[in-house]
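The values are calculated or read from the model by the stated rules, or taken from the named source; none is laboratory data. This structure is a prediction, so every number in the text was calculated from the model and none was measured. When we count neighbours, we look across all protein chains shown, and the Cβ atoms used for this are built from the backbone with ideal geometry, even at glycine. These area figures cover heavy atoms from the full protein model, side chains too; ligands, DNA and RNA do not enter into them. Shrake-Rupley method; radii C 1.70, N 1.55, O 1.52, S 1.80 Å.
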Amino acid sequence: MNEVLEFVKENDVKFIRLNFCDIFGFQKNISIMADELAFALKNGISFDAHVIRGFRDITQSDLFLFPDPSTMAVLPWRPGPGRVIRFFCDIKTPDNQAFEHDTRLVLKKVTERMKKTGYICKIGAECEFYLFKTNENGEPSDITLDKGTYMDISPLDKGEDIRREICLTLEEMGIKPESSHHEQGPGQNEIDFKFDDPVVSADNLQTFKTVVKAIASRNGLFASFMPKPLSNTPGNGMHINLSLYQNGVNIFKNDNGRFSKAAECFIAGILDKIQEIMLFLNPLANSYERLGMFEAPKYVSWSHQNRSQLVRIPAASGDNVRMELRSPDPSLNPYLAFALIISAGLDGIEKILPLANAVDEDLYTADSNITKDLALLPRSLEEAIELAEKSAFVKNILGEHLLSKFIKIKKDEAKDFAAAGADKVNFYKERYFNVC
């Protein structure tokens, strides 16, 4: 704590942003002046939890934000004079108890539970986004920045300078990008960063989305993480890569094409629970427009290298061997998503679930004799809600109260979507486009 206060004093910090998110992963913050930081670290800063979706009702509306000193980062894009720094926060009740609907806390608990079993999970995200032009009023249009396709270069790729600025900004904030490129869709981009502890990776993903939005805006553009912003182009996926360590060794390391038994059970556990947790990986009505096309999965299956599968084992060696879960999209809350994925894998290890045979087929063109025995992923928000609501597994990980609040709000959303009828494109635009 003293080091943080010293940094603030020595580096002309004037404003502090205290960041957290609602139960759906939408980021929130409150700003305080630098001389209030010592008080905040000790006593927290209060806010009205009643107006944060899924938090508290008006009769118990006070909660407190406690900055996590380990998450301090300078916001390089903020103008001077005076620096702006941000912290992710722990959320507590007035009696100094951890707030049960703090989704970052949910992931912390799952991570600690896994460590007690002797395993450590590392996670890396591959997050896609579209860049759209803005109109004369600065509002986002549906005109993409360019007409480029997969890994094009300038002048077809007009986003390379934006990606470069994003990567340099992330690096200044202590996040190491691994690669960046133009994706398949017009104006679509991807930036990947290194594996890390699940909580750190979730924090990094939240930071990444903030940086992308800020840098795009600074360049007169709008960045969209909406799962399917354009109907006839690839959707925005967020592939989640996971590796598993035991005694410092990556047990996904394959030997003659085989993993350790625990790694197989980990994959089997995720496949076993994927339908029940889908609501938290693909939480919008729009999410289900993306699945089943443009390399997004439709079936519960796995294979090596095969991009038509739900779980792909990329070609890699040594510590880079991992599993890639391909169904999630960027509209998720990473804290809940990572918590449920890890817990599903751990459940597979504890129950010694067998891993089904790999399906080494292109599932977009495969004969029905191959696909008829494969389980389908949920095909709508309504179906995903139903599966999550019935899941004892999800209830155990998230807690009954958090789950019920999440479900209630999503049911209302599903009803609104059903009421939109044939006008779903307009529903997506009004409900999701500006906020995702």
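Please compute the contact order of region 58-134 in relative form: average sequence separation of alpha-carbon pairs under 8 Å and at least six residues apart, divided by the residue count, as a percent. Display every interim value, and only then the final one.
On the way: 63 pairs, mean separation 16.8, N = 77.
Relative contact order of region 58-134: 22 percent.
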Selected from A202, P234, G348, residue furthest toward positive end of dipole (the chain; charges at beta carbon): G348
Solvent exposure of region 244-294 as accessible area per residue, Å², 1.4 Å probe: 36 Å²
Full-stretch length increase - I30, F294 - with 0.36 nm per residue and alpha-carbon distance subtracted: 91.1 nm
Extended-chain gain in nm, criterion 0.36 nm per residue less alpha-carbon gap, F7 and N247: 82.8 nm
Carbon and sulfur %, accessible surface of the chain computed with the full protein complex present, 1.4 Å: 48 percent
Antiparallel DSSP beta bridges within the chain, percent to nearest 5: 85 percent
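Roll a 1.4 Å probe over the protein chains and send me the accessible area per residue for region 1-124 in Å².
About 51 Å² of surface per residue is accessible.
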Three-way shape label, the chain, alpha-carbon gyration tensor, a/c 1.5: rounded
Cβ-placed point charges (K, R +1; D, E -1), dipole of the chain about Cα centre in debye, nearest 20: 480 debye
Probe 1.4 Å, accessible area per residue of region 145-224, Å²: 42 Å²
Normalised contact order of the chain, rounded percent, pairs of Cα under 8 Å and 6 or more residues apart: 14 percent
Local electrostatic count, N333, Cβ distance below 13 Å [Lys/Arg +1, Asp/Glu -1]: +2
Sites K429 and N320 - FRET efficiency at Förster radius 51 Å, r taken between beta-carbons, to 0.05: 0.80
Region 234-288 - charge dipole about Cα centre, Lys and Arg +1 at Cβ, Asp and Glu -1, debye rounded to 20: 120 debye
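Hey, if we sort E324, E382, E361, E3 by accessible area with the 1.4 Å probe, largest down, what's the order?
In descending accessible area the options line up as E3, E382, E361, E324.
Which pairs, out of K28/K351; K147/K372; K351/K390; K213/K253, put more than 32 Å between their alpha-carbon atoms?
Beyond 32 Å between Cα atoms: K28/K351; K147/K372; K213/K253.
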